[in-house]
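Written out below as structure tokens is the structure these notes cover.
Every read-out reported here was derived from the displayed coordinates using simple, explicitly stated rules and does not represent laboratory data. Only a predicted model underlies this, so the values are computations on that prediction, with no experimental measurement involved. Don't worry about glycine lacking a Cβ; one is built from the backbone with ideal geometry, like all the others, and counts go over all protein chains shown.
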Amino acid sequence: AMLSRALLFPRLGQLSTRSLHTSVSAPSGHHIEHWWGPEKAAGRDVVGYGSNGDEAYQDRLDYWYPAIRFRKEDDISKALRIKEKSDWKTLSAEDKKTLYRYSFRQTLSEFEAPTGYWKVMVAATALVISLATFYAVFLNVYVYPVVPPTFQNEYKEAQVQRQIVLEKGAFLGPAKYWDYENNQWKK
């Protein structure tokens, strides 16, 4: 059987579980789906140490075993807990699933299943690109002139004449090719 991606590539940094969040981003890109602090953990069985010793419920890929059970004990779970202490062959598949759901929120395959969040990111990116495109089209159609006046031939010729007059005697630029005595371009 293949190991989980999180076990093959464990996180480099530890997550802080002191803050009360229902969804926390991890440095590796994974999310802690549920985190229950001490306030919400009251009345739940403590079954282990947890990831850092806190008595809190966490769904995490890098540490699969939460310190407390997912659900509080009730009449159904009490009967199943008594039943599980005997031979497990007497438990039905439905009883085993119910026991599992009292201890954990999700199975590993449910936890690693794709969420479809990439669709939101693609839609947001497409929206930003389309708004930028429409803004650029708006500027080109309604704000900027069709052709700037500096692109017109009359303007370019006037600019060259201005350089010729101001740069008389210069050895670079258009003045170098202008014959000032005959008032024409050198041949």
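When we measure straight from the Cα of K168, which aspartates and glutamates land under 20 angstrom away, once same-chain ones fewer than 8 places off are left out? Answer for K168, where 20 Å is the Cα cut-off: E157, D179, E181, listed by chain and number. The separation of the range 88-147 from the range 149-187, counted between C-alpha centres, amounts to 63 Å. In this calculation the C-beta distance from D179 to A123 is compared with R0 = 45 Å, giving a FRET efficiency of 0.10. Here the 3J(HN,Hα) profile of the range 173-182, calculated from phi with Karplus coefficients 6.51, -1.76 and 1.60 at θ = phi - 60°, is x, x, 5, 5, 9, 9, 8, 6, 6, 9 Hz, Gly and Pro shown as x. Could you pull out every residue, at least 5 positions away or on a different chain, whose amide H is within less than 5 Å of the one on W178? Hs are placed 1.01 Å off N in the peptide plane, and Pro or chain starts have none. Counting only residues 5 or more places away or on other chains, the set is K186.
How far apart, in nm, are two points set 7 Å out from the Cα along the Cα-to-Cβ line at L172 and at T115? My value for the distance between the label points is 6.0 nm.
Simple spin-label estimate for K186 and L91 gives 10.1 nm between the two label positions (7 Å along the Cα-to-Cβ direction from each Cα). Less than 5 angstrom separates the built amide H of S51 from those of A67, all sequence-distant by 5 or more or on a different chain. In terms of surrounding Cβ atoms within a 10 Å radius of their Cβ, V137, V143 rank from fewest to most as V143, V137.
Please go through the residue pairs K96/K119; K40/K97; K156/K187; K40/K83 and name each one whose alpha carbons sit more than 31 Å apart in this structure. Correct reply: K96/K119.
Length available on full extension from V147 to K83: 0.36 nm per residue minus the Cα-Cα distance, which gives 14.5 nm. A straight Cα-to-Cα reach below 19 Å connects K78 with the aspartates and glutamates D45, D87, E94, D95, residues fewer than 8 places away in its own chain not being considered. Applied to the range 90-96, the Karplus parametrisation 6.51 cos²θ - 1.76 cosθ + 1.60 on θ = phi - 60° returns per-residue 3J(HN,Hα) values of 7, 7, 7, 4, 5, 5, 5 Hz, with x for Gly and Pro.
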